[in-house]
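Each remark here refers to the structure printed beneath this line.
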Ligand code: PMP
Ligand code: GLN
């Protein structure tokens, strides 16, 4: 049996939070603000494009071009050329992938040699770490620090990088840095000063920047999304990653992309052709039509890209209010569809020792699911081992949900806070 054990290089990916918490949601059927996805459909034109293409005569249900269906790479090139200020070659500078996941995987794995270092900003979307480790890369972590730790309500922009600490991480072994803006789980939108500081270090040390921008259209005014690739001399060293699942609010379509300079994209293409070869044709054709519609309607009321943050802002406000009214300390995001909240007000008032996890946020999430049928995600998931302890003061909630779901969330949160405040410390429920 030893012969067939999981190779050591994959050990860091053996546990997966989504597998565990989707399983928990299936078992207990809670009000689910855990995994990030909307619980309602975007405008019906997007799904109509898919049903039309699936029934159309022609070769739409057969294999298409390996690095991306032509209609889609053309649309991506048209849109992003104008957004980053560089004319993007659709066939050599764009790769279509199975979700942003595969784009991240190809970008990371096709560049790291064993022993190369990759800088990861904490908190981070959880798959970055195993993607670096499984190819023998060494993650070097730096935390965003909450500068308003005691405030009852704070903002994602209060979480900041220390430029001096970041400088010290760059060295001759540094191959790449991964940034994520707008950020999951914080909702932080990196500003020009922060991005310029990172860009300058990348240029100084000849380092690649993988810029995960899957929430690029989910930005709340007055914040603005700035694309790393649009900064001076950054095109040549940036791989930008996007997701149709996030862009069109249909996460189950699992289509993503990466764009960047030809020499770098060639490396990603090689990994893609080894592992995947080509993505589903009808989904690519439908996403291409979605983009064409958006490109023709940018800055009009028809624009989904511009409308989505307006649709979500009231949900964000409502969620923050519920959390604040019920003893949590929310961190208000500037982008994305997640909100974290400090739950430690309750730490001494409940007994979660029936749960056997190492970190208290895991215990609390599971206890909450089982006792109150409400699901969030433990915040410590998004940290390296050394920082999981303090990170477990928070939970993450997804607020891209029907108003009716958020109302149920309000009912549960109110019931929870009323029940707990009427009980003495450590009372078992
Ligand atoms: N990056 C971030 C920051 C994410 O939150 C996600 C989750 N959707 C992904 C990448 C992966 O996206 P996809 O579902 O398109 O694979
Ligand atoms: N990005 C989503 C989240 O953070 C989904 C994660 C996943 O399915 N792996 O919730």
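Here the convex hull built on the C-alpha positions of the stretch 306-429 has a volume of 96 cubic angstrom per residue.
Counting only DSSP beta bridges with both residues in the chain, what percent are antiparallel, rounded to the nearest 5?
Around 50 percent antiparallel, to the nearest 5.
Evaluated at q = 0.14, 0.16, 0.25, 0.28 Å⁻¹, the base-10 log of the normalised Debye intensity for the stretch 316-382, with identical point scatterers placed on the Cα atoms, takes the values -0.43, -0.57, -1.26, -1.42. Rg/Rh, computed from the Cα trace of the stretch 1-80 with Rh as the Kirkwood radius, has the value 1.13. For the chain, the longest principal axis of the C-alpha atoms and the axis of helix 44-54 are separated by about 50°.
Ordering 219, 96 by the number of other Cβ atoms within 10 Å of each residue's own Cβ, fewest first, gives 219, 96. Give me the percent relative contact order of the chain, please, defined on Cα pairs under 8 angstrom at least 6 residues apart. Result for the chain is 22 percent.
The orientation-averaged projected area of the convex hull spanned by the Cα atoms of the chain comes to 21.8 nm². Look at where the Cα atoms of the stretch 373-417 and of the stretch 47-64 average out, and the two centres are 39 Å apart. Taking the stretch 115-263, how much of its Cα-Cα pair set, in percent, is spaced more than 17 angstrom apart? Here the long-distance tail beyond 17 Å is 63 percent of all Cα pairs in the stretch 115-263. If you average the sequence gap of Cα pairs under 8 Å that are 6 or more apart and divide by the length of the stretch 1-150, what percent do you get for the contact order? The normalised contact order for the stretch 1-150 reaches 22 percent. Spin-label model, residue 55 to residue 192: label points 7 Å out along the Cα-to-beta-carbon direction sit 5.0 nm apart. The C-alpha atoms of the chain define a longest principal axis, and helix 17-28 lies at about 50 degrees to it. Take the Cα of residue 415, step 7 Å toward its Cβ, do the same at residue 390, and the gap between the two points is 3.6 nm.
Our helix-only sum for the chain, with -39,500 (n - 2.57) per DSSP H run of n ≥ 4 divided by its residues, gives a mean residue ellipticity at 222 nm of -12000 deg cm²/dmol.
Over the stretch 170-225, the reciprocal of the mean inverse Cα-Cα separation, the Kirkwood hydrodynamic radius, stands at 12.1 Å. Separation of the stretch 22-42 from the stretch 110-140 is 29 Å, based on Cα centroids.
So for the stretch 111-196, averaging the separation of alpha carbon pairs under 8 Å that are six or more residues apart and normalising by length, what relative contact order in percent results? Walk me through the numbers on the way to the answer.
Values: 120 pairs, mean separation 29.4, N = 86.
Dividing the mean separation by the residue count of the stretch 111-196 yields 34 percent.
For the chain, the longest principal axis of the alpha carbon atoms and the long axis of helix 262-275 meet at an angle near 70°.
Coordinate-derived values only; no laboratory data. This one's a predicted model, so the numbers in the text were calculated from it and none came from an experiment. Don't worry about glycine lacking a Cβ; one is built from the backbone with ideal geometry, like all the others, and counts go over all protein chains shown.
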